[in-house]
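Trainee: Take this structure, written in structure tokens, and hold onto it; I'll ask about it next.
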Amino acid sequence: MQSVTETKNEFVPTIVAFCCNWCSYAGADLAGSSRLSYPANVKIIRVPCSCRVNPMFVLKAFQQGADGVILCGCHPGDCHYVTGNYYTRRRMSLLFGFLNYLGIEKDRTRVEWVSAAEGAKFSAVMNDFAKRINELGENKRLKDLRVKENGHE
Amino acid sequence: MNKTEEQIVKRAAELLDNKEVDKVIGWKKGEFCFDPSPAAFTSSDELKDFVYNDFCGANLSKYLVNECKSGGKIAVFLKPCDTYSFNELVKEHRVNKEKVKVIGVECHGKLDIEKIKSKGIAAVTGAEESGGKVAVTSLYGNAELDKNEVLLDKCLTCKGKKFAVADEIIVLNEMEETKNDRFSGVEALEKMSEEERFAFWKAELSKCIRCNACRNVCPACTCNKCVFDNNASGVATKAPADTFEEQMFHIIRAFHVAGRCTDCGECSRVCPQHIPLHLLNRKFIKDINRLYGEFQAGETDEGKNPLIEYRESDAEPSSAVNGEVRHA
Amino acid sequence: MQRIGVFICWCGSNIAATVDVERVAEEIKREPGVVFSANYQYMCSENGQQLLKNAIKEYRLTGVVVGSCSPRMHEATFRKAAESAGLNPYMVEIANIREHCSWIHKDREEATKKALVLVRTAIAKVNLNAPLTAGESPVTKRALVIGGGIAGIQAALDIAEAGFAVDIVEKNPTIGGRMAQLDKTFPTLDCSACILTPKMVDCAQSDKIDILTYSEVEDVKGFVGNFKVKIRRKARYVDETKCTGCKLCMENCPSKKGLNEFNMNLNTRPAIYIPFAQAIPNVAVIDPEQCIKLKTGKCGLCQMKCTVGAIDYTMQDKFIERDYGAIVVATGFRPINIDHFNEYGYSENKDVITSLELERLMNAAGPTDGVLLRPSDGKHPKVITFVQCVGSRDLTDCGKPYCSKICCMYTAKHAMLIREKYPDTEVHVFYIDVRCPGKNYDEFYRRACEQYGVDYIKGMVGKIYNENGKLMVQGSNLIENEQVTIASDLVVLATAIEPEPSVRKIATLLTASIDTNNFLTEAHPKLKPVESPTAGVYLAGVCQGPKDIPETVSQASACAAKVIGLLAKDSLKTNPCVAQSDESMCNGCSQCANVCAYGAITYVDKEFRLGGGKTETRRVAYVNPAVCQGCGACTVTCPSGAMDLKGFASKQIMSEVEEICRA
């Protein structure tokens, strides 16, 4: 399917960013219209609210080979849906702590609050996150975890 | 027949004969002394098979979910730790407490037959604990074992002898509180490096044969239809070897019961592969306590669990994951 | 399999300069399900939209992906175009290849590759899209205003003015609220009653407004456009339709020792009373705690004296049920209880009073007929000390952490009025800061200092004690850096305000959220300041946060505008991207309802067939599509996955994830 061939030996991480429609997605739009760049390997999925992000989406991303997953939402207190991001904050605090407990580097997951006015912050966050994932290298671990000890994948 | 069992059977017979209840949920004699299984009794005649001994580790609360669907009143025998599960089920409307009579029963910790067998004792015919020792009888003779060496793992970290709920109790001998440090296992893992933890869990989780025993026994896993059997979720697949389902199962299951898990330890007890599944749930419990304040699921049958609750001052995930923050 | 059409927009050079749009359109043709692919200079133009419409018809498209600017820009445009060509608008997805791609990447190859991934991801989503239809629900063209203070009065008048029926439910025997108790208003010093009472009269005279005083909201069911409200009409023991307000009963009542709430308990009133001269309705009410007849069965004087036979001692509380389309909450405030502040000695010294008490002492209709006399001995006070921020901006358990906002201004008003009326009086004010933003506010405060010679002392008061009949106010003067003690005749405490406690029950009934200080929460602090998160419920006045009269009136009118906008519709179109529960999988565990900020989820017991003639009754969640706002909080809380969000379904998001990671 992939028609554009990559130089195989250069590591380009896959990064999935879940952005809430009202703040962070708009913040990403502002980063765009302000021409504030961040790496092209950051790909954004639009969700109505950060509280729509099911832990299963995060796990699915890692299982499918993502090297980093970042969740962005409105700042606590500014949620378009009043309380959505408060639940996100608890859920992801626990989930990401849990993934680290299983041996996944804690820097592969992140939650950031980015408002619609924070285009510069959006770009800075993505640059920083991508840089960190680059340093961590390929996410062999969750790929490995799904492989049975005795072989078949 | 021990005194407690006698008392329990007597009470069960009374309740059934007086038509105070239509059904009693208890433990039924198995082939051996060490394999009693949960069962429903509908008449006092059936009670001859009723058993309550030191191998009755099973938490009966979950059986109420199905039994409550039919009409009539039910009596259930619950050990102190099982009562928390009962409250949690009431809170989530899975059990109608109006229909249930909870009878709290005495428990001094239940025994693990595998541990007894591993002491080289075969063909066990009976075992009774008293005062830190367990007297085991077998076809090949008797033995006395140290109680702590043969208790179920879940009983080594006993939550306490308090009944979170009980309409009446049958306790003949005072139950001694045991000191425990239930988070030490989690702490040991937390102290390891990420590589070591990963290796540990990789080794443990790859033993899983997806028999679903943990899910089937778990009193918090009472979904009408499990998400892993739900096509719309995008995770269910018919092929049992699918990697996502298989490997993410335990993570998602642990997350789903987070804040609702009473730490009853049934998942680890029934795992045929001896995966220490309770260490997954306890990590969530430990973090919830640390971040959002001490919380014991099932302490009461109302209120909200920590994941459907929030405070404006909650910790940010970045610092929460680092283990730096503590609930003020 | 869908028949998908892909449209790649150049956006002039905005996209085309960095993304090879032709190559994207070409390569995407090979994706399974794509039956048409094109690129065009401006997809949002008339011609671009026509291209899309034609392709939908010609290629019988079932799904559309537009690779263009942000969906926040033109999603609605393309959905509308698709709808006009006969395609369900929710079968259109946007791949954001401008803001999220061409504008931020310089390398053409890199940007083109990313654009391809983004378009493929959108295709993956569209493949799982389902046509959605906006539902409709009717609107009851009647509004309910809870609270009859200035906020409620203003909201009701505006709504009635637009031609809609509106009911005011007020728990007290008269409307008017706190404003009726005030003497003068800042910054113009006009008489409060003179500007309020005409509005009260307007309410009474309007044929659109029904005033239900001495009544409380008991229960609320339903949702936006369709509320069903049960109202308790408390027994007044006086027939409202007969009473003429002649006050003969008041004059003859032998039980005269009741505390007069309207005068802040500074004097007394009879057991049967009309709260104040301009009360609306001008109808008496009997205080059952005080009435001798109701307590002992003996007396009945008022019944004998009443010329119209309005008195009925057997009256009982009555319940009425009415339907409303919208609800305005305007429950107002009260001063906090300051008995616990030992340093001010409020409960020990009669001459330490609150500002609201001072309002009554200065009012011509008050207990002293408007002559400023101190409560202890009825003498004219020569030295008056005001203390600001009593319980406001106070982090101890006794006080409130917030600023009550109105105190700086009314204290300046009091100080000025006293100096004006009694120039021989010495006036001191202890303050932390003076906060007077607002039109003509700072000027007003400066007049108090500069023209009226009010002595403002920056510092807090540590102690107030009685010494030889003088109230010694001990405090610090931070500017002179010294301790000062002022021997005063009267001390006035600018007491913090808090929401009327009855708001808690109302918030619960309306599933409107409340903050830690019991103020109702607005739907958005900046952009939806008068809407509650619960659709169809609006907030006016101090119930939402401390504010003065002009702000309260503005907010009330804003509420009215929102209500009128709602009631003007015959039916409401509901957002189809809402949560939906699959009953076959739902456990009825209530976790979803617990996280719903809108109260959109209720539970019903439903019978299910099990096969073999057997049935089982299970409790299952039901999402009201008219109330759900589509955030998805419930979907993650649901362990069984029974709850899903239309338009952002789990399966759709999972396939987007998969597509991004596949690249």
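The values are calculated or read from the model by the stated rules, or taken from the named source; none is laboratory data. What you are looking at is a predicted structure, and each value in this text was computed from that prediction instead of being measured. Neighbour counts are summed over all protein chains in view; Cβ atoms, including those assigned to glycine, are modelled from backbone coordinates with ideal geometry.
Trainee: Give me a count of the residues in the stretch B:282-310 that are facing another protein chain (nearest Cβ under 10 Å), outside any helix (DSSP H, G or I) and in contact with a Phe, Trp or Tyr (Cβ under 8 Å, 6 or more places away or on another chain).
Mentor: Qualifying residue count, the stretch B:282-310: 3.
Okay, residues lined up against (1) modelled with pLDDT of 95 or more; (2) touching a Cys at 6+ places or on another chain (Cβ under 9 Å); (3) assigned to a strand (DSSP E or B):
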{"position": "C:T314", "(1), (2), (3)": "yes, no, no"}
{"position": "C:R334", "(1), (2), (3)": "yes, no, yes"}
{"position": "C:E343", "(1), (2), (3)": "no, no, no"}
{"position": "C:E348", "(1), (2), (3)": "no, no, no"}
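Trainee: Report every pair of residues separated by at least 6 positions or lying on different chains whose Cβ atoms are under 6 Å apart, first residue within the stretch B:183-206 and under 26 Å from B:N289 (Cα atoms), second of a type in the set (K, R).
Mentor: B:F183/B:K286; B:V186/B:R282; B:V186/B:K283; B:V186/B:K286; B:L189/B:R197; B:F198/A:R141
Trainee: Still on this structure, I have one more. Out of the stretch A:58-107, which residues are in a helix (DSSP H, G or I), under 21 Å from A:P39 (Cβ atoms) and more than 8 Å from chain B (Cβ to nearest Cβ)? Steps first, please.
Mentor: Quick first cut of the stretch A:58-107, residues in a helix (DSSP H, G or I) only: A:58-63, A:84-101, A:106-107.
If we keep only those that are under 21 Å from A:P39 (Cβ atoms) too, we end up with A:58, A:61-62, A:106-107.
Residues satisfying the conditions are A:V58, A:A61, A:F62, A:D107.
Trainee: Please state which of the following conditions B:C267 fails to meet, knowing it meets all the rest: (1) in contact with an Asp or Glu (Cβ under 8 Å, 6 or more places away or on another chain); (2) more than 8 Å from every other protein chain (Cβ to nearest Cβ).
Mentor: (1)
Trainee: Check the stretch C:648-657 and report whether any residue there is part of a loop (DSSP other than H, G, I, E, B) and in contact with a helix residue (DSSP H, G or I) (Cβ under 8 Å, 6 or more places away or on another chain). Don't jump to the end; show me each part of the working.
Mentor: Pass one, the stretch C:648-657, residues part of a loop (DSSP other than H, G, I, E, B): C:648-649.
Still in the running and in contact with a helix residue (DSSP H, G or I) (Cβ under 8 Å, 6 or more places away or on another chain): C:648-649.
There is at least one residue in the stretch C:648-657 that is part of a loop (DSSP other than H, G, I, E, B) and in contact with a helix residue (DSSP H, G or I) (Cβ under 8 Å, 6 or more places away or on another chain).
Trainee: Kindly establish whether C:V117 is modelled with pLDDT of 95 or more, away from chain A (no Cβ under 14 Å) and either in contact with a helix residue (DSSP H, G or I) (Cβ under 7 Å, 6 or more places away or on another chain) or under 26 Å from C:L51 (Cα atoms) (or both). Explain how you work it out, then say what you get.
Mentor: On the way: modelled with pLDDT of 95 or more: yes; away from chain A (no Cβ under 14 Å): no; either in contact with a helix residue (DSSP H, G or I) (Cβ under 7 Å, 6 or more places away or on another chain) or under 26 Å from C:L51 (Cα atoms) (or both): yes.
No; evaluated as a whole, the condition is false for this residue.
Trainee: Another question, then. Residues in the stretch C:189-215 that are over 17 Å from C:A156 (Cα atoms) and touching a residue at least 24 places away in the same chain (Cβ under 8 Å): how many?
Mentor: Initial filter on the stretch C:189-215 (over 17 Å from C:A156 (Cα atoms)): C:189-194, C:214.
Among the residues that remain, those that are also touching a residue at least 24 places away in the same chain (Cβ under 8 Å) are: C:189, C:193, C:214.
Summing the residues that are over 17 Å from C:A156 (Cα atoms) and touching a residue at least 24 places away in the same chain (Cβ under 8 Å) in the stretch C:189-215 gives 3.
Trainee: Under 6 Å between Cβ atoms, at least 6 apart or on separate chains: pull out the pairs that start in the stretch C:593-613 with a residue that is of a type in the set (K, R) and end on any residue that is part of a strand (DSSP E or B).
Mentor: Qualifying pairs under 6 Å: C:K606/C:V620; C:R609/C:T615.
Trainee: Can you tell me which residue in the stretch C:632-663 is farthest from the other protein chains (Cβ to nearest Cβ), limited to those that are out of contact with any strand residue (DSSP E or B) (no Cβ under 9 Å at 6 or more places or on another chain) and of a type in the set (S, T, Y)?
Mentor: Checked the stretch C:632-663; the qualifying residue farthest from the other protein chains (Cβ to nearest Cβ) is C:S655.
Trainee: I'd like the full set of residues that are more than 7 Å from chain C (Cβ to nearest Cβ) and assigned to a helix (DSSP H, G or I), limited to the stretch A:28-44.
Mentor: If the condition is that a residue be more than 7 Å from chain C (Cβ to nearest Cβ) and assigned to a helix (DSSP H, G or I), then A:L30 is the only one that fits.
Trainee: So which residues in the stretch C:608-627 are modelled with pLDDT of 90 or more, away from every other protein chain (no Cβ under 12 Å) and in a strand (DSSP E or B)?
Mentor: Selection gives C:Y622, C:V623.
Trainee: A follow-up question, please. Inside the stretch A:46-63, can you point out the residues that are touching a strand residue (DSSP E or B) at 6+ places or on another chain (Cβ under 9 Å) and either among the polar types (S, T, N, Q) or surrounded by fewer than 22 Cβ atoms within 10 Å (Cβ to Cβ) (or both)?
Mentor: A:S50, the sole residue that qualifies.
Trainee: Follow-up. Would you be able to say whether some residue in the stretch A:45-56 is more than 19 Å from B:F228 (Cα to Cα), more than 7 Å from every other protein chain (Cβ to nearest Cβ) and in a helix (DSSP H, G or I)?
Mentor: yes
Trainee: Just need a number here: residues in the stretch C:445-464 that are in contact with a Gly (Cβ under 9 Å, 6 or more places away or on another chain) and surrounded by 15 or more Cβ atoms within 10 Å (Cβ to Cβ). Give the steps one after another, and end with the answer.
Mentor: Here is the first cut: in the stretch C:445-464, the residues in contact with a Gly (Cβ under 9 Å, 6 or more places away or on another chain) are C:457, C:459-464.
Narrowing the set further to residues that are surrounded by 15 or more Cβ atoms within 10 Å (Cβ to Cβ) leaves C:457, C:459-461, C:464.
The number of residues fulfilling the criteria is 5.
Trainee: Exactly one of these conditions fails for C:V383: (1) out of contact with any Leu (no Cβ under 9 Å at 6 or more places or on another chain); (2) farther than 18 Å from C:T354 by Cβ. Give me its number.
Mentor: Among (1) out of contact with any Leu (no Cβ under 9 Å at 6 or more places or on another chain); (2) farther than 18 Å from C:T354 by Cβ, C:V383 violates only (1).
Trainee: Just give me the residues in the stretch B:201-214 being surrounded by fewer than 21 Cβ atoms within 10 Å (Cβ to Cβ) and either more than 7 Å from every other protein chain (Cβ to nearest Cβ) or of a type outside the set (K, R) (or both), in sequence order. Show your work before the answer.
Mentor: Of all residues in the stretch B:201-214, those surrounded by fewer than 21 Cβ atoms within 10 Å (Cβ to Cβ) come to B:202-204, B:206-213.
Across the stretch B:201-214, the qualifying residues are B:A203, B:E204, B:S206, B:K207, B:C208, B:I209, B:R210, B:C211, B:N212, B:A213.
Trainee: Select from the stretch A:116-134 the residues that are aliphatic (A, V, I, L, M) and within 12 Å of the chain's Cα centre (by Cα) and write down the one among them that is nearest to A:I44 (Cα to Cα). Steps first, please.
Mentor: We begin by selecting, within the stretch A:116-134, every residue aliphatic (A, V, I, L, M); these are A:116-117, A:120, A:124-126, A:130, A:133.
From the residues that got through so far, the ones that are within 12 Å of the chain's Cα centre (by Cα) too are A:125-126, A:130, A:133.
On the way: A:V125: 13, A:M126: 11, A:A130: 13, A:I133: 16 Å.
Once the filter is applied, the top-ranked residue is A:M126.
Trainee: For the stretch A:114-122, state whether one or more residues are facing another protein chain (nearest Cβ under 8 Å), in contact (Cβ under 8 Å) with a residue 24 or more places away in the chain and in a helix (DSSP H, G or I). Walk me through it before giving the result.
Mentor: Of the stretch A:114-122, the ones facing another protein chain (nearest Cβ under 8 Å) are none.
Checking the stretch A:114-122: not a single residue is facing another protein chain (nearest Cβ under 8 Å), in contact (Cβ under 8 Å) with a residue 24 or more places away in the chain and in a helix (DSSP H, G or I).
Trainee: Another one. Tell me which of these B:A123 doesn't satisfy, since it passes every other one: (1) within 14 Å of chain C (Cβ to nearest Cβ); (2) among the aliphatic types (A, V, I, L, M); (3) surrounded by fewer than 17 Cβ atoms within 10 Å (Cβ to Cβ).
Mentor: That leaves (1) as the condition not met.
Trainee: Quick one: which helices (runs of 4 or more DSSP H) sit completely within the stretch B:37-142 and have at least 2 residues that are within 22 Å of B:E6 (Cα to Cα) and outside the structural domain of B:T300 (by TED's automatic domain parsing)? So that I can check it myself, show each step before the final result.
Mentor: On the way: elements: B:63-67, B:80-91, B:113-117.
In the stretch B:37-142, B:80-91 are the helices (runs of 4 or more DSSP H) which contain 2 or more residues that are within 22 Å of B:E6 (Cα to Cα) and outside the structural domain of B:T300 (by TED's automatic domain parsing).
Trainee: Continuing with the same structure: Filter the stretch C:500-529 down to the residues that are closer than 22 Å to C:R334 by Cβ, in a loop (DSSP other than H, G, I, E, B) and not charged (D, E, K, R) and list them by number.
Mentor: Of all residues in the stretch C:500-529, those closer than 22 Å to C:R334 by Cβ come to C:500-510, C:512-522.
Imposing the further condition that a residue be in a loop (DSSP other than H, G, I, E, B) reduces the set to C:500-502, C:512-513, C:515-519, C:521-522.
Across the stretch C:500-529, the qualifying residues are C:P501, C:S502, C:A512, C:S513, C:T516, C:N517, C:N518, C:F519, C:T521.
Trainee: Sticking with this one: Suppose the filter is more than 16 Å from C:Q278 (Cβ to Cβ) and not in a loop (DSSP other than H, G, I, E, B); does C:L157 pass it? It would help to see each step written out before you state the result.
Mentor: Working: more than 16 Å from C:Q278 (Cβ to Cβ): yes; not in a loop (DSSP other than H, G, I, E, B): yes.
So C:L157 fits the description; yes.
Trainee: Within the stretch C:583-598, can one find any residue that is under 30 Å from C:D323 (Cα atoms) and modelled with pLDDT under 90?
Mentor: yes
Trainee: Residues in the stretch C:419-470 that are small (G, A, S), farther than 22 Å from C:G345 by Cα and in a loop (DSSP other than H, G, I, E, B): how many?
Mentor: From the stretch C:419-470, those small (G, A, S) are C:438, C:448, C:453, C:459, C:462, C:469; that's our starting set.
From what's left, farther than 22 Å from C:G345 by Cα: C:438, C:448, C:453.
From what is left, the residues that are in a loop (DSSP other than H, G, I, E, B) are C:438, C:453.
Residues that pass the stated criteria total 2.
Trainee: Let me ask something else about it. Anything in the stretch C:244-265 that is within 17 Å of C:N363 (Cβ to Cβ), out of contact with any Ser or Thr (no Cβ under 8 Å at 6 or more places or on another chain) and part of a loop (DSSP other than H, G, I, E, B)? List them, or say none.
Mentor: C:N265
Trainee: Restricting attention to the stretch B:19-65, report how many residues are among the hydrophobic types (A, V, I, L, M, F, W, C) and either on the phi > 0 side of the Ramachandran plot or without any contact (Cβ under 8 Å) to a residue 60 or more places away in the chain (or both). Give the steps one after another, and end with the answer.
Mentor: Keep residues of the stretch B:19-65 that are among the hydrophobic types (A, V, I, L, M, F, W, C), which gives B:21, B:24-25, B:27, B:32-34, B:39-41, B:47, B:50-51, B:55-56, B:58, B:60, B:64-65.
Of the ones still in play, those that are also either on the phi > 0 side of the Ramachandran plot or without any contact (Cβ under 8 Å) to a residue 60 or more places away in the chain (or both) are B:24-25, B:27, B:39-41, B:47, B:50-51, B:56, B:60, B:64.
The total comes to 12.
Each row is one residue, and each column tells you yes or no for (1) surrounded by fewer than 16 Cβ atoms within 10 Å (Cβ to Cβ); (2) among the small types (G, A, S).
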| position | (1), (2) |
| --- | --- |
| C:G536 | no, yes |
| C:P546 | no, no |
| C:V553 | no, no |
| C:C559 | no, no |
| C:I564 | no, no |
| C:K569 | yes, no |
| C:C577 | no, no |
| C:S581 | no, yes |
| C:Y603 | no, no |
